[in-house]
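We did not get these values from a lab; they are worked out from the coordinates using the rules stated. Everything numeric in this text was worked out from a predicted model, so none of it was measured. Positions of Cβ are backbone-derived with ideal geometry, glycine not excepted, and every protein chain shown enters the neighbour counts.
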Amino acid sequence: MRIREPLPRTIAENHCREPLKELTLITMQDVKPPLSVQLFLRVVIYFGLCLLCTVRLVTSANAADQPNIVWIISEDNSIHYLDHFFRGGARAPHIEALAKEGLTFNHAFSNAPVCSVARTTLITGCYGPRIGTQYHRRYAMAAMPEGLQMFPAYLRDAGYYTTNNSKKDYNAVEGRGVWDASSGTASWRNRSRSDQPFFHMQSHPQSHEGTLHFKQDSYELETTSHDPTEIQLADYHPDTKLFRYTHARYLDRMLDIDAIVQNTVEQLTHDGLLEDTFIFYFGDHGGVLPRSKGYIYESGLHVPLVIRVPKNFKHLAPVADGTRLDGFVSFIDFGPTVLHLAGVDVPNQVDGKPFLGRDIAEDVINQRQETFGYADRFDEKYDFIRSIRRGKYQYIRNYQPYLPDGLNNNYRYKNLAYSEWRSLFQEGQLEGPPSQFFSAKPVEMLFDCELDPHQVVNLATNPQYQQELLELRQRLQVMVKALPDLSFYPESYLTTHAMKNPVEFGKQHQQEISELVDIADLTFISFQSAKPKLDAALSSSNAMKRYWAAMTCAAIGKEAAELATAVEPLLEDPVLMVRVRAAEFLGRIGVINPQPTLIEVVNTTTNSVEATEALNAVVWFKDFFKEQYAVRRSDFHPKSDGADIAARLNYINGIPYPPKSPKTKKRKNKKANDS
């Protein structure tokens with residue numbers, strides 16, 4: 001039994017200091033037993049009451065080791081929209097008040113820049129590419145690693161009441177026993193015992209990307225609390241009235257989030273729980289203006305994190321109120337931290353480590369200087385990118401560098417600012433950093449996040465930074481091999497071969513994944529040195545080696561044209577995804593029109609994931625080769641269906657957002673709702 005309130009002093013004194021007097025009042029009014037019996041009864045009752053006091057003290061001590069924990073999560077916002085973290089952000093007095101009574105983490109990161117992947121990382125404590133949860137809105141649910149549960153289940157086993165209000169968005173099978181309640185009404189207030197410790201998670205869409213999907217008339221008629229003329233735009237954004245208005249409108253959403261924080265604190269105060277409760281406030285990943293959510297830059301990964309430390313549990317925090325910590329923490333660490341605060345053992349299958357709790361000192365936190373990021377498919381848009389942030393440098397590895405960041409994604413382009421940005425590009429009105437979004441990416445990028453917070457100056461080709469580049473390149477190579485990173489297989493392959501036990505699949509294929517990484521990294525040496533290795537891989541009996549050799553040729557581009565004759569036979573490869581990668585390379589260098597090959601894959605495969613992968617290339621060629629590779633909706637008669645296929649075909653048809661119909665087919669085993 002968990003008792004938070006100590007016994008009233010007078011009762012405690014009566015029980016523990018004067019038992020003999022109380023005994024006299026009770027037992028000696030009318031009956032006077034023999035003196036020996038009286039003494040015996042007094043001794044028994046005295047020791048019994050002392051034992052009761054001891055039990056109560058132990059119970060109180062156990063309670064002191066079990067704080068309540070509340071997570072307040074704002075959807076889709078990075079540090080860039082709060083003044084507490086970034087100059088030009090909104091003032092949020094109630095979030096700032098949490099910080100004055102707790103800790104600010106200057107370097108907190110989501111490991112992925114989009115909802116379902118980030119939230120699955122949070123709830124599992126595991127890197128998505130290791131456990132098969134790295135694709136936004138899964139086609140197949142990944143089984144949890146053997147023997148591992150989502151972390152709230154361990155809290156429940158330890159006596160906690162666990163609630164979620166109410167977004168889940170997991171890419172892994174939840175299993176039983178995770179939540180006592182998960183709904184729009186779930187609350188700590190619903191627990192049956194007021195002395196039961198609780199973990200409560202609440203997510204708030206008031207800052208979600210969808211709040212910026214306003215119409216033209218709203219832009220023209222609705223004013224914002226923040227003055228658009230005073231907005232500090234990101235260096236990569238075009239300076240237009242619409243971008244300024246959109247940014248100002250989003251800063252207003254931060255005021256909504258701040259009010260939610262205020263309300264939650266008031267509820268805990270009213271319930272008498274505030275000083276027993278750790279309050280975490282953080283964003284679930286970056287966002288939400290263009291080139292943030294869905295992209296692996298700081299704007300997509302670097303999130304605000306403030307933790308209010310309750311007075312009754314200050315022994316679990318290493319430093320005083322108002323301290324800012326520079327150590328790096330990421331979503332793999334949040335669950336283990338909650339378990340450690342609660343005195344619950346952290347499972348050894350997770351990738352994260354606690355950053356608060358007993359025996360974790362300030363210097364230990366500040367020694368943490370690295371975080372790992374991953375970006376794969378977001379709805380119908382594919383890319384394959386990994387990153388390492390160490391100290392002030394972020395290293396980004398683009399495995400499909402030929403795909404521009406601005407490749408169409410229907411949901412992103414509901415935002416008027418996105419559409420305006422693309423129109424300016426198509427009209428040739430962009431130059432400098434704002435034009436980068438619609439260009440092919442370098443194979444690798446290196447940014448100084450302190451001097452260049454918006455990441456527009458790539459230092460990877462600067463000789464002065466070669467040591468940092470090589471160290472981080474090697475670190476990432478080691479990382480993806482060690483996980484191992486399952487994205488070195490196409491998603492269509494993983495859904496049919498790996499999802500029943502992704503971790504075991506990775507272990508069994510770790511050596512092969514390492515070899516595929518080596519093929520991909522042939523882009524780092526001269527083409528003449530890489531050519532014989534690529535030539536051998538193109539003719540390999542291993543389909544995945546052929547796949548990666550073709551994709552590496554596409555990454556190299558025209559310099560690899562000498563291998564065109566070796567790649568051409570792969571247009572008839574028995575593995576359809578090898579055909580797709582071959583068409584990408586040969587189309588990029590202008591040797592063939594790639595669309596007939598890609599259209600054939602879309603129209604013949606019965607695998608909806610494979611069709612979506614091919615359509616990604618179709619739209620790339622359609623939009624970024626000056627109408628050289630045009631297609632029409634009537635070219636496509638797919639045998640498979642799904643929301644992502646429909647999204648691509650609607651875009652090709654010129655109607656990206658058709659009216660919803662109850663007869664519209666949804667992708668199997670995959671939600672068709674918005675991102």
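Summary of values
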item	result
Simple spin-label estimate for ASP227 and ARG324 in nanometres, 7 Å along Cα-Cβ	2.5
Region 569-627 and region 140-213: distance between their alpha carbon centers, rounded to Å	41
Residues GLN369 and GLN349, FRET efficiency given R0 of 22 Å [Cβ-Cβ distance, rounded to 0.05]	0.35
For the chain, Kirkwood radius (reciprocal of mean inverse C-alpha pair distance, Å)	27.3
Pairs of Cα atoms farther than 13 Å apart, region 470-534, %	66
Most to least packed among 588-599, 520-531 [average Cβ atoms within 10 Å]	588-599, 520-531
Which listed pairs, of LYS293/LYS314; LYS507/LYS545; LYS381/LYS639; LYS414/LYS441, have C-alpha distances above 26 Å, in listed order	LYS293/LYS314
Cα convex hull of region 103-222 - mean projected area over all directions, nm²	11.1
Full-extension gain in nm, GLU504 to ALA543, via 0.36 nm per residue minus C-alpha separation	12.0 nm
Highest average packing first - 421-427, 251-257, Cβ atoms within 10 Å	251-257, 421-427
Amide proton proximity set for LEU305, modelled H, under 5 Å, gap of 5+	PHE105
Cα-based Rg and Dmax for region 527-569, where Dmax is the largest Cα-Cα distance (Å)	9.1, 26
Label-to-label distance, nm, for residues given as THR269 and ASN593 (7 Å Cα→Cβ offset)	6.9
Semi-axis lengths (Å, descending) of the ellipsoid that matches the C-alpha gyration tensor of region 446-493	27, 14, 9
Virtual spin-label span in nm between LYS100 and ASP217, 7 Å along Cα→Cβ	4.4
Where N is the number of residues in region 195-234, Cα Rg divided by 2.2 N^0.38 Å	1.94
Alpha-carbon centroids, region 70-131 and region 324-385: separation in whole Å	12
Pairwise centroid distance, computed over Cα atoms, of region 495-534 with region 264-290, Å	42
Tilt relative to the chain, helix 416-426 - C-alpha long axis, 0 to 90 degrees, to 10	20
Label point at LYS392 placed 7 Å out along Cα→Cβ; residues across region 347-378 whose backbone nitrogen lies under 19 Å	366-371
Calculated FRET efficiency for the pair LYS241/THR565, C-beta based, R₀ 41 Å, to 0.05	0.20
Ordering of 385-391, 129-135 by packing [mean C-beta count within 10 Å, highest first]	129-135, 385-391
About the Cα centre, charge dipole magnitude for the chain (Lys/Arg +1, Asp/Glu -1 at Cβ), debye	1540
Phi to ³J(HN,Hα) by Karplus 6.51 cos²θ - 1.76 cosθ + 1.60 over region 110-123, Hz, x for Gly, Pro	6, 7, 9, x, 8, 3, 5, 5, 4, 6, 5, 4, 4, 7
Compactness of region 541-670 as Cα Rg over 2.2 N^0.38 Å, two decimals	1.09
Net charge contributed by nearby residues that have their C-beta within less than 12 Å of LEU416 (K/R +1, D/E -1)	+3
Using alpha-carbon coordinates, inclination of helix 576-588 to the longest axis of the chain, degrees	60
Measure of compaction for region 423-580 (Cα Rg per 2.2 N^0.38 Å)	1.20
R0 of 35 Å, Cβ-Cβ distance THR606-SER435: FRET efficiency to nearest 0.05	0.30
Relative contact order of the chain, pairs being alpha-carbon contacts under 8 Å that are 6 or more residues apart, as %	15
